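Scroll down for the structure; my scribbles are underneath it.
The values are calculated or read from the model by the stated rules, or taken from the named source; none is laboratory data. Predicted, not measured: the structure shown is a model, and the values here were computed from it. Note that each Cβ is placed from the backbone with ideal geometry, even for glycine, and that neighbours are counted across all protein chains shown. Just so you know, the surface numbers come from the protein's heavy atoms only, side chains and all, with ligands and any DNA or RNA stripped out. Shrake-Rupley method; radii C 1.70, N 1.55, O 1.52, S 1.80 Å.
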Amino acid sequence: VTSPRGAMGRITIFTSASCGHCRRAKATLESRGFEYSEVSLSAHPARREDMTALASRVTVPQIFLNETHFGGNDDLERRLREDPDLFDEEVRRALTMPDPKDARLRACAFGEGSDDDDDLSFLSPPREARLG
């Protein structure tokens, strides 16, 4: 599965359903006009191993710009306080690069890691769909 824009770079965010920091991080990215691929650890708990191996952290959210670990919501908020224009520029630059090759940063295959094959909550809908 590629990012909503095709084979260009991707923001990947590992989340859990009950996480307030996750909701804030997603809302922040959306408010800045950035699409992201979401990996829900609530829907796909086996993916926590991927996140931990990639980020060396066990808390959510964990945000990646392509294959580069960016950090969590506190890191996101700090970077935006320090220099929001530089943050936007860095993200836009990352999004012009190829999609990550590391399979752990790709969305789950249909039904992977879930007993419910209809559960697609790990993948956020395109931004346009969320805006209605």
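Listed by first and then second residue, the pairs with beta-carbon distance under 9 Å, at least 6 apart or on different chains, first residue in segment 52-67 and touching a residue at least 24 places away in the same chain (Cβ under 8 Å), second in a strand (DSSP E or B) and open to solvent by 50 Å² or more (accessible area, probe 1.4 Å), are Leu54/His69; Ala55/His69; Gln62/His69; Ile63/His69; Asn66/Pro98. Pairs, please: C-beta under 6 Å, at least 6 apart or cross-chain, first residue farther than 16 Å from Met8 by Cα and in segment 75-94, second surrounded by 11 or more Cβ atoms within 10 Å (Cβ to Cβ) and of a type in the set (D, E, K, R)? Taking only residues 6 or more apart or on different chains, the pairs are Phe87/Arg79. Being free of Cβ contacts under 8 Å to residues at least 60 places away in the same chain, under 20 Å from Met8 (Cα atoms) and open to solvent by 50 Å² or more (accessible area, probe 1.4 Å) is a property that Ala103 has.
Can you find even one residue in segment 110-121 that is modelled with pLDDT of 90 or more and under 15 Å from the mean Cα position of the chain (by Cα)? Give the steps one after another, and end with the answer.
Applying the first criterion (modelled with pLDDT of 90 or more) to segment 110-121 yields none.
No.
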